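Working notes, beginning with the structure itself.
The values are calculated or read from the model by the stated rules, or taken from the named source; none is laboratory data. These figures come from a predicted structure and were not determined experimentally. Note that we place each Cβ from the backbone using ideal geometry, even for glycine, and neighbour counts take in every protein chain shown.
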Amino acid sequence: MKQTIVKSVAITGIGIISCLGNDVGSVVSAMKNGRSGIVYDEQRKDLGFKSPLTSKIKDFFPKDYGINRKAQRTMCEPALYSFAAANDAVKDAGLSEDLIQNDRCGIIFGNDSTIKAGVEAIDIARKYNETHYIGAGYIFRAMNSTITMNLAAHFKTRGANWTLSAACASGAHAIGQALMMIKSGMQDIIIAGAAQETNWMSMASFDTLNAFSSRTDTPQKASRPFDKDRNGLVPGGGGACVIIEDLDHAVARDAKIYCVIDGYGFSSGIGKTLSEPNKKGSVKAMGNALKDASIGPEKIDYINAHATSTLVGDLAEAIAINKVFGPDTPVSSTKSMTGHECWMSGASEIIYTILMAQNKFIAPNINFQALSDDCPPINIISEVKEKKLQYAISNSFGFGGTNAAVVLNFKPEYCTKFLTG
């Protein structure tokens, strides 16, 4: 197949299921008001979790998105969230069946676990001492590719169809790979995103790493990215989807354009352990994204940091941000409100950044008082700030040293259909 390079790649639709809200308006309101979605989970306390904190998705009902009982037989929690987010994104982008059901439209999602379905299947086998009662649907729930197989069956796409697994950078890498697929001329449209299950089973082994916050008396103040008093992350999850499209294709069909994806950078760099970050890898990913976008660091108006509220991780990212951007570029971590949405975070934080640009503000890094003494100077935005964004970068760094950064371009000559003008 002869590959061609297209001019640019746009985002033309978004959909999200988040602890900040299950629609764009609710999410924007939560970010503007610095409202946290983190709660104390009694079930985790009763199960002996060291930290019973988690973000909570409220008022999510699959039937509201047309997911009937038959469909749910093959869909676990990440697939349900993704189905809802993808339906909203497709509707938002104005994609017709003709545009979706062909070889030029594909699906790529990030997902790195579907633990609950596997645990439930094993429990059933142990209860009855046979596998008969598990049912055929569980295999499709338990596979990491549960999202893309269910979405492909629903939308009847005939292009790309796979799941990307890269720890907490899964969502960003899925969007980056979609970008490359379209730039290469292999696809015109990709329904891309990521999801993270929120059940306690998915976090039981994570809890043993002592990476979670112990600030259980004030759950909404527990996630404190970059703050000197941070003492661990809070897990969360949900589903996020963006429609990624060849810009010329989008313009030709008179699509609404949220932004252009100008750059994608990645790197690998293991720290001393599989869970420890490598600041050199973070620097490389951000530098590669800027190079791909053909811009210098001075052009970036905002950094949506990966910062999860851990001592080691936040310090490493602060060092990397200071090295690449210096002390003045505005920085915040939306994880201060959402907790760490893990496999979903690379996709959801791109949506959060788009919504900030659309509504001309920077979301606050809540619970921030001051940097620790060992942290280099970076410009943490701790209160909501009015700001017109032209370029922004979103960071995602995962276990095992997998790093990703995505540069978004909100220049008005591209975003002719931008909702707020």
Checklist entry - What is the number of the single condition among (1) of a type in the set (D, E, K, R); (2) in contact (Cβ under 8 Å) with a residue 12 or more places away in the chain; (3) in a loop (DSSP other than H, G, I, E, B) that residue 141 does not meet? => result (3)
Item to check | Criterion violated by residue 226 - all others in (1) surrounded by fewer than 24 Cβ atoms within 10 Å (Cβ to Cβ); (2) on the phi > 0 side of the Ramachandran plot satisfied | outcome: (1)
Item to check | Residue that is in contact (Cβ under 8 Å) with a residue 60 or more places away in the chain, of a type in the set (Gly, Ala, Ser), under 30 Å from residue 80 (Cα atoms) and out of contact with any Phe, Trp or Tyr (no Cβ under 7 Å at 6 or more places or on another chain), where the choices are 345, 267, 275 | outcome: 345
Checklist entry - Can you find even one residue in the range 229-246 that is part of a helix (DSSP H, G or I) and closer than 20 Å to residue 293 by Cα? => result no
Checklist entry - Taking the range 29-68 on its own, how many of its residues are in contact (Cβ under 8 Å) with a residue 60 or more places away in the chain and not aromatic (Phe, Trp, Tyr)? => result 22
Next on the checklist: For the structure I just gave you, tell me whether residue 318 is buried (at least 24 other Cβ atoms within 10 Å of the Cβ) and either within 18 Å of the chain's Cα centre (by Cα) or at pLDDT below 95 (or both).
Outcome noted: no
Item to check | Scan of the range 105-123 for residues that are assigned to a helix (DSSP H, G or I) and touching a residue at least 12 places away in the same chain (Cβ under 8 Å), ordered by number | outcome: 115, 116, 117, 118, 119, 120, 121
Next on the checklist: Among the residues in the range 70-83, are any free of Cβ contacts under 8 Å to residues at least 60 places away in the same chain, of a type in the set (Lys, Arg) and part of a loop (DSSP other than H, G, I, E, B)?
Outcome noted: no
Checklist entry - Based on what the data block shows, is residue 249 touching a residue at least 12 places away in the same chain (Cβ under 8 Å), touching a Phe, Trp or Tyr at 6+ places or on another chain (Cβ under 7 Å), not in a strand (DSSP E or B) and not hydroxyl-bearing (Ser, Thr, Tyr)? => result no
Next on the checklist: Taking the condition of being farther than 20 Å from residue 314 by Cβ and either free of Cβ contacts under 8 Å to residues at least 60 places away in the same chain or assigned to a strand (DSSP E or B) (or both), how many residues in the range 197-215 meet it?
Outcome noted: 1
Checklist entry - Under the condition of being of a type in the set (Ser, Thr, Tyr) and surrounded by fewer than 20 Cβ atoms within 10 Å (Cβ to Cβ), which residue from the range 261-291 is farthest from the chain's Cα centre (by Cα)? => result 273
Checklist entry - For the range 309-352, what are the residues that are among the acidic types (Asp, Glu) and farther than 26 Å from residue 272 by Cβ? => result 328, 349
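Residues are listed down the side, and each one gets a yes or a no for (1) crowded, with 24+ Cβ neighbours inside 10 Å; (2) farther than 25 Å from residue 180 by Cβ; (3) of a type in the set (Asp, Glu):
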| position | (1), (2), (3) |
| --- | --- |
| 294 | no, no, no |
| 326 | no, yes, no |
| 334 | yes, yes, no |
| 347 | yes, no, no |
| 352 | yes, no, no |
| 359 | no, yes, no |
| 363 | yes, yes, no |
| 370 | no, yes, no |
| 373 | no, yes, yes |
Checklist entry - Is there a residue in the range 24-41 that is among the basic types (Lys, Arg) and either loosely packed, with under 13 Cβ neighbours inside 10 Å or touching an Asp or Glu at 6+ places or on another chain (Cβ under 9 Å) (or both)? => result no
